[in-house]
Structures are given as C-alpha cells and as structure tokens.
Amino acid sequence: MSTEVKDPTSAAVDPRLLVRESGVKGYIDDFQRRLKGGDLGALPVAIGLIIIWVTFYSLNENFLAPQNLSNLALQIAATGTISVGIVLVLLLGEIDLAVGSVSGLTGAVLAVLNVNQGMSAGVAILAALVAGAVVGALHGFFFARVGVPSFIVTLAGLIGWQGLQLYVLGKEGTINLPYEGGVAMLTHTFFPHAVGYLIGAVIVVVYLLLDMAGARRRAKAGLPTRPISESVVRALLIAVAIFVAVYVLNQAEGLPLALVIFVGFVASFDWILRRTRYGRMIFAVGGNAEAASRAGINVRWIRISVYILSSVMGAAGGVMAASRLFAVNQSSGGNNELLNAIAAAVIGGTSLFGGRGSTYSALLGMLVIGSISNGMYLVQLDSSVQFMITGSVLLAAVVIDSVSRRGRQSSGRA
Amino acid sequence: MTTVLELRGISKRFGAVQALTDVDLKVDAGEVVALVGDNGAGKSTLIKVISGVITPDGGSITWEGKPTNITRPHDAQTLGIATVFQDLALCDNLDVVGNLYLGRELGSGGVLDEIEMEKRARELLRTLSVKIPSVRIAIASLSGGQRQSVAIARSLLGQPKIVLLDEPTAALGVEQTAQVLDLIERLREQGLGVILISHNLADVRAVADRVVVLRLGKNGGNFRVADVTHEQIVAAITGAQDNVVARRQARTSRKGEGEEAKA
C-alpha cells in the first residue's frame, strides 16, 4: 500500500478535536480537562502524602528529621520491592495473595543456605530468587494453564508456602544472619556523601540526554515534539527532587543502598513496561486479553511470566527484609507485608481493574503507607489506630480508583 | 479486473445442521462485495471459512487463479486475507499506535521503536483520511466510528489483498457510518478486494459493487448494485421470490432485468 499523501487537505482536523494550546494556558486547560475526566494520575497521592507529612510534622517535629526520613527509606524498601511485583500482576487485572508468604519462604531459604549450609551470600541470594521463580511458575501454571482463578491459586499459595517456610526453618524457627555478612550489607550500606550526589547527577544527566535524543529523533521524523522548555523544566524538577532527597539522607547516614535497589527496580520495570515489546504485551493482556490473543500475543505465557516476576520480586523483598532484621523467623513475610504491598500499589494509583498503572505507584504508595506507620509509631499511637487508619487510606484509594474510572467512562475514556 | 479469491461449491455441516450448501463467492481486486442474508443464513460461517477459523467439508478455494487450502487463520493471513471482526479486537487502554502495531511492534531486541511506529501510523491514517485527535490518544477516548477506522487500518498493516469486514457499521451513528463507508471506498481505490457483511442495505447500496445474498446456507442471489432495487435484495434475503406469485410477477414486470447469476 502506498504511504504517500494523496490529498493533504483530507487530513484536515476535526473542529471538535482537543488541541492543546501552547504555553502555560495550554497546560492549565489540559490539567482541568484531565481533572474533569477523572484522569487524576498521581495527583491525589501526592496531595495525600503532603497532608500526611504536614500532619505528623505538626504533631512531632522529629518526623521530618533526616534520621527519621532515612529510617523511612529503609522501612519501605523491602515491602516496596514486593509491591513492584504486585503492580505487574494488577496490570493484568489479577491478584497475587501469596507474595508475603513467598517473601518469608525465600527469606528462610536464604538464611538456611547462607548460615546453616555456609554458602556465600551471593549464591544464597541467587538461590532465593530462583526459589521465588519456581514458586511463581507454579502459580502461573495453575492460573494460566489449568484455569484456576488467580485469587484461589495464590490464596492456596499464601497458606501453603507459609507452611513450607516453617518446615524449612526447622525446629528453632529463627535463623540469625551475621551482622557483617554479605546479606546484611544489602540494607546496611550507605554511600559516602559525594557518591550519593554523583549517583543523583548521573541519573539527571542520563535522563536529560535520553530525552533530548528522543526529541531530536521525533523532530527528524516530522512528529510533534514537546517544547524544549518543557523537557528542561521536567529535568529540573527531577534534579531538585533527587538532590533534596540525597541532601537530606546525607544529613543522616547517607544514601542507603537499599533505597537505590528499590528505586532501581521501580525505574527498570517502568522502562520495561513502557518501552519494550514485553511491557506492551502486559498492558494489552490487561486491557483486553481476547484482543491480545487475536493479535498473536501468547496470553498464557505472558500470564505465567508475570506471576514468575511477581514471586521473584517477592523473593527480592524477602531477602531485603531478612537483611534489615539480621534474621528470618516464623513470622517473616507474615504480618502486614502482603496487605501493605497490595495497598501500596493501589494507593499509588495502579488500577485493580487491569491495564492501567505504573511501577512508580509502588514507590508513591509505599511512601504513604510507610509515612503513616512511621509517623504513628513516632507519636506513639496504638497499633489499633494504626490499622484503622491504614485501612481507611486503602479504602480511600480504591474509592478514588473506582470514582475516577466512572469519570473516565462518562467522558468516554474508560 | 483480476479475480483474487474464488470459492466454489463450499459446504459445511455442523452435526445435524447443514450450514452451507454449495456456496460460490468471487471477489476481484478493487471490488467491494457485500454479503447479505438473514440471521442464520450462513454469513458468519462463510466468513469463518475464508478467514481459516473453520475448514469446509467440501468445495474448492482459488487464490489468484491457483487452488489453495485455508485450514487455519495463519494460512489466511499469509495469503493476504485480513479479517476485522464485529467485536473490535482493540485494547481500550492502549493508544492508537499501540493498537495498530499490537502483536507486530517495530523495534529491535524487544525494545520498541515508538518514533518509527508513530511516524508510520500517522502516514497510514493520513492515507486513509482517518480523522482522530492524536495517534497518542487511548482507544477508549475515540468514538465508535474512529475505533472501527482504527481496527480497519490495523488490518491493512499486513498488506492484505482481501479485507473481510464483519458488520463494520453496526451500532454506529450517521456520521460515523459515513466515515467507515468512506474508508471502504478508499480501500477499493487502493485496489483491495473487500468483503462486507452488513444488515444495513442502505450502506450496502451506498458502497458495494456487488451483492451476494445467502439464504438458508445457499446462494440466494448475486446482483450488481447498479441494477438492483432495495426491494429485490430484500426479496432475495427473505425468499419472497420463492413462490409462484412472485416468480410470475418477476417474469411479467421486469423481464429478467437485474439478476445475472441467480444460483
């Protein structure tokens, strides 16, 4: 088929089309339209986070102290890593209830291999991740191949893997990790001040270069491009956010390795989701599995692979939790690990209905949940209140998701 | 004009139901053939035979003069038959570019080349004069006609020679229907053969060159649109001609005008 333009006027623009005006007015109009259409993105979370921080700061000034923020960063890293895997599963419109148990089980595998069997930390961590992959493959097999609803498969996993965790841990039920061991280093390493700034600078420069290279290619291909000013403003905002964070963390012990790992997972999976064929397939299956299948996408394989990734991320979270506590015990991965990981993904804006979301919601949502539990601990609120407030925040997030979905439907964008 | 696809004596039986009996269908390059018939007349079965979803029990299929077999959807695609199904196979959450290239994304090493895809998508939609706000807008934001246009445009990416459209104007408004009909005419201008299934005879008469009527799984008529009336098509669909009175009327009033190859 010829691709040349036969009649340029035939491509005339429909007068009802939404054309964004240039300049500041364009951004404001665009923003208002998105607000009305229920396309809120990360806005409610960002506002919620600010409210939470201001509230706790007014109750206790130590809340925003560098040392406490450094603690917060370490507290959210493990569960946040698990939440990244949950985001992938939610994008398919499915659920994984087993990640908490999987993180406990793989933590136990790690501890047994590293401490009892005397394997090196690297090998033990690798084995824990492989164990996670095997578990995920089993979930995926029963869900995608046998056709058991994902809720049931992973509910069985939630119970079953916890049992296996107890079995692996043996009679004592607790295995302590050496304080100076390789596993402990994961969450107890802090970068020197200069290295922290250097890492921040590299991220900003790489972002800016990639953005400019992309803009140049788009211009060359004759496609509409973002104005340079917008790119620069974006890069500046990112730079300010990163450098403020590094500066504050440097006032405490420095930039923690655990935070770099967590944010690294978030950024890499975001890139995979938006820039690779595999990520596009995940969105397609989550949006319309039938259409994806007709387009030649192997839906079954995508589902199995996402469950594998989810459990591997659960395992990575388990390794980080074990590292932070210097121990794995019978309650590792229990408690609220699972619920917090799912709540974080949803609070951060990933839709429960599939096909919409980003791994950055794991970061944002984890900041919200982490801030609440950290702040309540700081102002010495009872854990009963803590549960009730976390529950309310989760409900609020799902309400926003459902209402904005309705908004999208009424403005024809569901 | 050269005949691209020719079906002869196609029969298909599902258990006790004889869905198709000795059906013939011929499509030339640059020709729009409308396939009409009442519910249960065998239109869908015939479309499935052509698109390789089901294999016929008997009959022969000729592609560009050579006998061929279509036993699975993949065969149809490799020959150059693209099917746009009635329930649009689009992902609401992906943008137009994402949907156009779904399953055949451009790029290297698994990394998407968004810029090349966007460029080609814009060119494709411009050639077809498909009007959408932006190729970066999610499918969910588009009107029914725009979605149908995107679905049809997507079928063209595989460079087909025949496009099968299953009820492309069902549930569309007046203006949106016109958009889709315009698009079908543009496919014809580009030398593609189009098989259009529709219940809407106004659309059929507006855009098709030929009307093939199926009735109870058999050929019920084959007319040139130029020389057939609305009533004659309806009569062929409902079988109102299949009685003595109608046949006599036809003999006396029209003297055989219009029908050229009644089976």
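The values are calculated or read from the model by the stated rules, or taken from the named source; none is laboratory data. As the structure is a computational prediction, the values presented were derived from the model and not from experiment. Counting neighbours? That spans all protein chains shown, and the Cβs are built from the backbone with ideal geometry, glycine included.
Okay, here's what the table says:
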| quantity | calculated |
| --- | --- |
| When residues of region B:49-73 are limited to those that are β-branched (Val, Ile, Thr) and closer than 24 Å to A:GLY296 by Cα, the one modelled with the lowest pLDDT | B:VAL53 |
| Any hit, region A:180-191, residues being surrounded by fewer than 15 Cβ atoms within 10 Å (Cβ to Cβ), of a type outside the set (A, V, I, L, M, F, W, C) and at pLDDT below 95 | yes |
| Filter result (surrounded by fewer than 11 Cβ atoms within 10 Å (Cβ to Cβ) and within 12 Å of chain B (Cβ to nearest Cβ)) within region A:205-221 | A:ALA213 |
| Any hit, region A:77-89, residues being surrounded by fewer than 24 Cβ atoms within 10 Å (Cβ to Cβ) and not polar (S, T, N, Q) | no |
| Segments classed as strands (runs of 3 or more DSSP E), wholly inside region B:123-229, with at least 2 members that are of a type in the set (A, V, I, L, M, F, W, C) | B:162-166, B:193-197, B:210-215 |
| Residues satisfying the stated conditions in region B:46-76, i.e. free of Cβ contacts under 8 Å to residues at least 60 places away in the same chain, more than 25 Å from B:ARG224 (Cβ to Cβ) and assigned to a helix (DSSP H, G or I) | B:LYS48, B:PRO73, B:HIS74, B:ASP75, B:ALA76 |
| Within region A:285-300, considering residues that are in contact (Cβ under 8 Å) with a residue 24 or more places away in the chain and among the hydrophobic types (A, V, I, L, M, F, W, C), the one farthest from the other protein chains (Cβ to nearest Cβ) | A:VAL299 |
| Test: residue in region A:323-331 that is among the aromatic types (Phe, Trp, Tyr) and on the phi > 0 side of the Ramachandran plot | yes |
| Selected residue [of a type in the set (Val, Ile, Thr), under 28 Å from A:ILE389 (Cβ atoms) and at pLDDT 90 or above] from A:ILE347, A:ILE308, A:ILE342 | A:ILE342 |
| So B:GLY9, is it buried (at least 16 other Cβ atoms within 10 Å of the Cβ), touching a strand residue (DSSP E or B) at 6+ places or on another chain (Cβ under 9 Å), at positive phi and part of a strand (DSSP E or B) | no |
| Members of region A:304-357 that are polar (S, T, N, Q) and buried (at least 24 other Cβ atoms within 10 Å of the Cβ) | A:SER310, A:SER311, A:SER323, A:SER332, A:ASN340, A:THR350 |
| Boolean, A:LEU352 is among the aliphatic types (A, V, I, L, M) and within 14 Å of chain B (Cβ to nearest Cβ) | yes |
| In region A:141-163, residue surrounded by the fewest Cβ atoms within 10 Å (Cβ to Cβ) [restricted to those that are under 27 Å from the mean Cα position of the chain (by Cα) and closer than 19 Å to A:GLN330 by Cα] | A:ILE159 |
| Looking only at region A:225-235, and only at residues there that are more than 23 Å from the chain's Cα centre (by Cα) and at pLDDT 85 or above, the one that is surrounded by the most Cβ atoms within 10 Å (Cβ to Cβ) | A:VAL232 |
| Complete set of residues in region B:143-156 that are farther than 23 Å from B:THR2 by Cβ and either of a type in the set (Lys, Arg) or facing chain A (nearest Cβ under 9 Å) (or both) | B:SER143, B:ARG147, B:ARG154 |
| Residues located in region B:77-115, provided they are within 7 Å of chain A (Cβ to nearest Cβ) and without any contact (Cβ under 8 Å) to a residue 24 or more places away in the chain | B:GLY98, B:GLY103, B:GLU105, B:GLY107, B:GLY110, B:VAL111, B:LEU112, B:ILE115 |
| Single match in A:VAL130, A:VAL112 (criterion: in the same structural domain as A:LEU339 (by TED's automatic domain parsing) and in contact with a helix residue (DSSP H, G or I) (Cβ under 8 Å, 6 or more places away or on another chain)) | A:VAL112 |
| Conditions (1) under 30 Å from B:LEU94 (Cα atoms); (2) modelled with pLDDT under 90; (3) buried (at least 20 other Cβ atoms within 10 Å of the Cβ); (4) not aromatic (Phe, Trp, Tyr); number of the one not met by A:SER402 | (3) |
| Condition met for B:GLY52 (crowded, with 17+ Cβ neighbours inside 10 Å, within 23 Å of B:SER198 (Cα to Cα) and touching a Leu at 6+ places or on another chain (Cβ under 6 Å)) | no |
| Scope region B:149-158; condition within 16 Å of B:ILE81 (Cβ to Cβ) and modelled with pLDDT of 85 or more; matching residues | B:ALA151, B:ILE152, B:ARG154, B:SER155, B:LEU156, B:LEU157 |
| Checking B:ILE115 against (1) surrounded by fewer than 21 Cβ atoms within 10 Å (Cβ to Cβ); (2) among the β-branched types (Val, Ile, Thr); (3) not in a helix (DSSP H, G or I), the condition it does not meet | (3) |
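Residues checked against (1) over 20 Å from B:PHE223 (Cβ atoms); (2) free of Cβ contacts under 8 Å to residues at least 60 places away in the same chain; (3) basic (Lys, Arg):
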residue	(1), (2), (3)
B:ILE162	yes, no, no
B:LEU165	no, no, no
B:THR177	yes, yes, no
B:LEU181	no, yes, no
B:ARG210	no, no, yes
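One line per residue, one yes/no per condition, for (1) within 14 Å of chain B (Cβ to nearest Cβ); (2) over 25 Å from A:ILE76 (Cβ atoms):
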{"residue": "A:ALA245", "(1), (2)": "no, no"}
{"residue": "A:ALA252", "(1), (2)": "no, no"}
{"residue": "A:LEU257", "(1), (2)": "no, no"}
{"residue": "A:THR276", "(1), (2)": "yes, yes"}
{"residue": "A:SER310", "(1), (2)": "no, no"}
{"residue": "A:GLY318", "(1), (2)": "no, no"}
{"residue": "A:SER323", "(1), (2)": "no, no"}
{"residue": "A:GLN330", "(1), (2)": "no, no"}
{"residue": "A:ARG356", "(1), (2)": "yes, no"}
